[in-house]
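Chemist: One structure coming up, written as structure tokens, with questions to follow.
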Amino acid sequence: MPSQVFTANDTWNWPADVTDVTAEAIGGAGGGAGAGFNPCTGGGGKGGGYALKAITKGAEASLTITVATAGAAGAAASGAGGAGSQSLVIQDGVTVLRAVGGNGGGPPTANSTNGVGATGDNGTAI
């Protein structure tokens with residue numbers, strides 16, 4: 001069966017002869033923190049989460065697809081990185097697949113300590 005990749009938010013219409021699909025999603029990566037307070041560096045952002053789900057057609061004619069975006073990089077003078085957004089598949093108004101975004105990296109401190117890399121996800125995968 002052919003696959004389809006979404007790079008922007010969209011709607012996927014169920015073909016007449018299809019009753020089941022397997023959907024995969026990747027959340028947006030967290031942004032790295034800005035460098036500042038020479039010689040320190042900002043922490044790296046965490047990669048986005050991954051989710052896989054078999055979806056069975058219901059009464060709906062389509063699925064709503066939300067594509068994640070990466071978190072913003074931190075400002076040059078010790079700004080923390082932004083969190084990545086989540087990717088979603090919504091079926092008949094209900095989120096049936098969620099791949100969470102990664103958290104942003106921590107900024108360096110004024111006492112020449114490097115920023116901490118991001119650890120947790122910014123949500124729960126479905």
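Chemist: Exactly one of (1) surrounded by fewer than 20 Cβ atoms within 10 Å (Cβ to Cβ); (2) more than 16 Å from V21 (Cα to Cα); (3) at pLDDT below 95 is unmet by L52. Its number?
Modeler: Tallying (1) surrounded by fewer than 20 Cβ atoms within 10 Å (Cβ to Cβ); (2) more than 16 Å from V21 (Cα to Cα); (3) at pLDDT below 95, L52 fails exactly one: (2).
Chemist: If G93 passes every condition in (1) at positive phi; (2) in contact with a strand residue (DSSP E or B) (Cβ under 6 Å, 6 or more places away or on another chain); (3) of a type in the set (G, A, S) but one, which one does it miss?
Modeler: (2)
Chemist: Pairs only if they're at least six apart or on different chains, beta carbon under 8 angstrom, first in segment 40-60 and under 18 Å from V96 (Cβ atoms), second aromatic (F, W, Y) and outside any strand (DSSP E or B); list them, first residue then second.
Modeler: That search, which allows pairs on different chains as well, returns K57/W14; E60/W14.
Chemist: Taking only pairs six or more apart or across chains, which ones have beta-carbon atoms under 7 Å, a first residue in segment 71-96 that is over 20 Å from C40 (Cβ atoms) and touching a residue at least 24 places away in the same chain (Cβ under 8 Å), and a second residue that is surrounded by fewer than 19 Cβ atoms within 10 Å (Cβ to Cβ) and of a type in the set (D, E)?
Modeler: Sorted first by the residue in segment 71-96, then by its partner, the pairs are Q91/E60; D92/E60.
Chemist: Suppose we keep only residues that are in contact with a Phe, Trp or Tyr (Cβ under 8 Å, 6 or more places away or on another chain) and among the polar types (S, T, N, Q) within segment 65-110. Which one would you say is least open to solvent (accessible area, probe 1.4 Å)?
Modeler: S78
Chemist: Restricting to segment 1-32, what's the tally of residues that are closer than 23 Å to G104 by Cβ, among the aliphatic types (A, V, I, L, M) and open to solvent by 20 Å² or more (accessible area, probe 1.4 Å)?
Modeler: 3
The values are calculated or read from the model by the stated rules, or taken from the named source; none is laboratory data. No experiment lies behind these values; they were computed from the predicted model shown. Here Cβ is always computed from backbone atoms with ideal geometry, including for glycine, and neighbour counts include all displayed protein chains. Only protein heavy atoms, including side chains, enter the accessible area calculation; ligands, DNA and RNA are left aside. Shrake-Rupley method; radii C 1.70, N 1.55, O 1.52, S 1.80 Å.
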